[in-house]
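Below: the structure, in structure tokens.
All of the numbers you see were taken from the coordinates with simple rules; none came from a lab. None of these values were measured; they are calculated from a predicted model. Using ideal geometry, Cβ is built from the backbone for each residue, glycine included, and neighbour counts are taken over all protein chains shown.
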Amino acid sequence: MPSNDAAQSRIRVLVYGGGAVGLGIASCLLHSGSEVDLVARPQTAAALASEGLIRTGIFGRVHAKPGSFRCYRLLGEACGGPYDYVLVCTKSFDSSAAAQDLASRRDGIGRAHLVLFQNGWGNAEAFAAHFDTQQVFNARVITGFRRPRPNEVEVTVHADGIHIGSLFGVDAGPVERLCRAINAGGIPCETTDAIEKDLWAKMLYNCALNPLGAILHVRYGVLAEHTVTRDLMDRIVCEVFEAMTAGGYATHWARAEESLAVFYDRLVPDTAAHESSMLQDITAGKRTEIDALNGAVIRLAGERDVETPYNHAVYRLIKFLEDTSDASRPKL
């Protein structure tokens with residue numbers, strides 16, 4: 001049941017994207033008593049309308065019944081605005097299209113704060129091209145979600161609470177209510193004034209684990225158990241760290257070696273059972289987010305004359321897997 005505090009601060013939220021992350025966050029908001037609209041693909045929207053939204057896994061079971069929220073196939077169909085928040089839960093390669101779609105419906109979403117629940121680096125710029133940067137916030141998520149059915153999400157692993165903040169120097173006060181609602185719904189969430197450092201910390205984590213997990217078809221924990229894969233991850237992380245530093249960005253550690261100590265001592269053990277989202281995409285014949293991960297590192301490094309051979313290698317291997325899995329076909 002929603003807490004009294006959550007009920008008193010009821011918020012109106014549009015979740016744009018009905019994948020695993022979108023459904024996971026929506027389940028928290030519904031459980032804490034928020035008013036939620038979802039925009040999802042037709043198959044997902046139909047399943048949600050008929051069976052509701054189900055969350056299982058390490059934070060417990062939640063079932064938001066049909067009729068307790070609204071679900072739409074297209075943004076233009078949504079009629080629950082204006083919203084307090086729009087949560088963008090699309091894949092990173094859809095950022096530009098999502099930003100344009102949302103910008104074309106300003107009357108419907110109002111002056112909502114946009115929060116980007118996306119992987120990789122560069123998403124904020126796509127939205128800043130269409131919205132006032134005072135509206136744009138990023139979320140850093142190191143929680144594993146899996147979607148076994150169109151209307152069901154499983155929380156598989158959790159390494160740290162969700163952090164939400166601005167890459168544009170905006171105070172995080174406007175997203176405090178959102179964080180409280182997510183937290184009350186079952187997943188720890190808080191604001192931060194160090195989201196850049198958080199996102200680059202996640203880049204160090206994702207660029208090592210996601211592609212190798214997909215290429216080798218293993219869970220995260222297996223990659224850390226073998227010398228050969230540990231060596232590859234060490235080299236990938238060192239390249240990411242060098243490109244990040246050369247680009248003028250920073251994370252929570254002064255040296256790559258310090259980040260690797262946390263990576264192996266805490267982050268990988270906490271998420272050892274997780275199957276890379278990139279592996280899930282490859283298996284399903286879908287496009288991956290490699291361009292916003294290792295691809296973003298390669299682009300940044302190229303601008304600063306930093307060599308990234310190991311990131312190049314895994315990037316090319318993932319592109320090969322995308323091509324041979326017919327990733328160009330549209331999927332529901």
### Cα long-axis angle, helix 227-246 against the chain (0 to 90 degrees, to the nearest 10)
70 degrees
### Query
In region 1-102, how does Rg compare with the Kirkwood Rh, expressed as the Rg/Rh ratio over alpha carbon atoms?
0.95
### Task
Quick one: what are the phi-derived ³J(HN,Hα) couplings along region 150-164, Karplus 6.51/-1.76/1.60 with θ = phi - 60°, whole Hz, x for glycine and proline?
x, 10, 10, 10, 10, 8, 8, 8, 8, 9, 6, x, 5, 10, 10
### Task
Using a cut-off of 14 Å between beta-carbons, work out the net charge of the residues near Thr133 (Lys and Arg +1, Asp and Glu -1, Thr133 not included).
-3
### Query
Using modelled backbone amide H atoms (1.01 Å from N, in-plane), which distant-in-sequence or interchain residues come within less than 5 Å of Gln118's amide H?
Ala139
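Past the 24 Å Cα-Cα mark, which pairs from Lys91/Lys197; Lys202/Lys319; Lys197/Lys319? Can you show the working numbers first?
Working: Lys91/Lys197 21 Å; Lys202/Lys319 21 Å; Lys197/Lys319 28 Å.
With Cα atoms farther than 24 Å apart: Lys197/Lys319.
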### Task
Take the chain, compute every pairwise Cα distance, and split them into 20 Å bins from 0; I just need the percent in each bin.
33, 60, 8
### Task
Rounded to the nearest 10 degrees, what's the angle between the helix 42-51 long axis and the longest principal axis of the chain, both from Cα atoms, 0 to 90?
50 degrees
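Cut-off is 10 Å between beta-carbons; in what order do Glu152, Glu239, Glu225 appear when sorted fewest neighbours first? Provide the component values of the computation, followed by the final result.
Numbers: Glu152 20, Glu239 24, Glu225 11.
Sorted ascending by nearby Cβ count, the order is Glu225, Glu152, Glu239.
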### Task
Calculate, axis by axis, the spread of Cα positions in region 4-193 along the three principal axes, and write the results as whole Å, longest axis first.
37, 33, 33
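For Thr227 and Ala261, calculate 0.36 nm times their separation in residues minus their Cα-Cα distance, and state this gained length in nm to one decimal.
Values: separation 34, 0.36 × 34 = 12.24 nm, distance 1.52 nm.
10.7 nm is the gain from fully extending Thr227 to Ala261.
Filter the GluC sites (Glu not before Pro) in region 272-309 to those in DSSP coil with at most 16 other Cβ atoms within 10 Å of their Cβ, and list the result.
Working: sites: Glu275, Glu289, Glu303, Glu307; in loops: Glu275, Glu289, Glu307.
Of the GluC sites (Glu not before Pro), the ones in loops of region 272-309 whose Cβ has at most 16 other Cβ atoms within 10 Å are Glu307.
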### Task
Treat the count of other C-beta atoms within 10 Å as a stand-in for reagent exposure and order Leu212, Leu116 from fewest to most.
Leu212, Leu116
### Task
Multiply the residue separation of Ala128 and Ala272 by 0.36 nm, subtract the distance between their alpha-carbon atoms, and state the gained length in nm to one decimal.
48.3 nm
### Computed E for Ser68/Ala246 - FRET, C-beta separation, R0 41 angstrom, nearest 0.05
0.25
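Based solely on its DSSP helices, what 222 nm [θ] is calculated for the chain when runs of n ≥ 4 H residues each add -39,500 (n - 2.57) and the sum is averaged over all residues, nearest 500 deg cm²/dmol? Display every interim value, and only then the final one.
On the way: 14 runs with 143 residues, N = 332.
Result for the chain, helices only: -12500 deg cm²/dmol.
Rounded if a/c is under 1.5, else prolate if a/b is larger than b/c, else oblate: which is region 198-324, with a ≥ b ≥ c the root eigenvalues of its Cα gyration tensor?
Taking the square roots of the gyration eigenvalues as a ≥ b ≥ c, region 198-324 is oblate.
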### Query
Once the Cα atoms of helix 309-324 and of the chain are each reduced to a long axis, what angle between those two axes, in degrees from 0 to 90 to the nearest 10, is obtained?
60 degrees
